Amino acid sequence: MDLFDVARSCLRRWYLLFPLLLLTCWVSLDAYGSVRPVYYANTVLGLAPPSVRVESAGGQSAPGEVRRNALLDVGGATLIANMAALGLREPSVVDRVVAAGGLPDYESKMFPVPAPQQLPLIMIESTSADPTAVSKTLELVSAQAEVTLRTLQQQARVPDDLMVVPFPVSPPSAPGAAMPTRTRSTMSIFLAGLGLSVLFTVVVDVLLTRRKSRGPTIRASAPAADRASPGQSSSHVDEPNEIARVSEDTMDAT
């Protein structure tokens, strides 16, 4: 069966296909209108390196020794920003945010700019059906950024006066409503309903067509059987008459 056969089946059984299509449209529209909006907001944090490098000529440091932030020397502020973005997704940080009333499914990542122009910025994003929870989550995660950065640098034994500290580049934006999945889900429902409607119509058409084609064969075989029955009965009826005529002829001859 090709597309032309499917089209012919749908045209023959339009009285089945049309109500199914109406039902599919109604379900799709209902799904389109029942989707709840979600709210999205973000904030961007920058990293401020120490303003000076302290050189010590006495005290505990050796003469002429330069005190530096080892993480900045190894990978620069970009490395520290990447480590901080990953650290904000640590389970311990997520637990503290949730305990304070935030959401656990926030995102923290490097600011999306081309790699050669990568800036030491951290973007924090949150999406939820509750706009208040989105704003609170961004505030809590931003507060945890300072703690996370300090912990990372303490593990690398960076002196306190040479630590990189975060600062807000872009404050938390107002949560904006969006419905990213409404159109996609509606189209999926409509296409699935359309396919099922066509399939059901074609199956019913095939079954009815086969049933109709078997009807003339059955009706043609029935008269043949009927014609054979009278012939058999007439031969049985004429047989006694023939016997009687033979008997009469025998008596006459005697």
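The values are calculated or read from the model by the stated rules, or taken from the named source; none is laboratory data. All values reported here derive from a predicted model rather than from experimental measurement. Cβ placement follows ideal geometry from the backbone for every residue including glycine, while neighbour counts extend to all protein chains displayed. Please note that ligands, DNA and RNA were not included when accessible areas were found on the heavy atoms of the full protein model with its side chains. Shrake-Rupley method; radii C 1.70, N 1.55, O 1.52, S 1.80 Å.
Using a 7 Å offset from Cα along Cα-Cβ at Arg210, what residues in segment 1-15 end up with backbone N under 14 Å from the label point?
Backbone N within reach: 1.
Please compute the per residue accessible area over segment 90-201 with all protein chains in place, 1.4 Å probe, rounded to a whole number of Å².
In whole numbers, segment 90-201 has 57 Å² accessible per residue.
In segment 84-180, carbon and sulfur make up what percent of the accessible area (probe 1.4 Å)?
Result for segment 84-180: 59 percent of the exposed heavy-atom area is carbon or sulfur.
Using a simple spin-label model with points 7 Å from Cα along the Cα→Cβ vector, what separation in nm is obtained for Val203 and Val74?
Result for the modelled spin labels: 6.3 nm.
Quick one: net charge of Ala133's neighbours, Cβ under 13 Å, K/R +1, D/E -1?
-2
I'd like the accessible area for Thr78, computed on protein heavy atoms only with a 1.4 Å probe and all protein chains in place. Round to 10 Å², please.
Here the accessible area works out near 50 Å².
Which whole-Hz couplings ³J(HN,Hα) result when phi for each residue of segment 34-50 is put into the Karplus expression 6.51 cos²θ - 1.76 cosθ + 1.60, θ = phi - 60°, listed in order with x for Gly and Pro?
Once θ is set to phi - 60°, the couplings for segment 34-50 become 8, 6, 8, x, 10, 10, 10, 8, 8, 9, 10, 10, x, 10, 9, x, x Hz.
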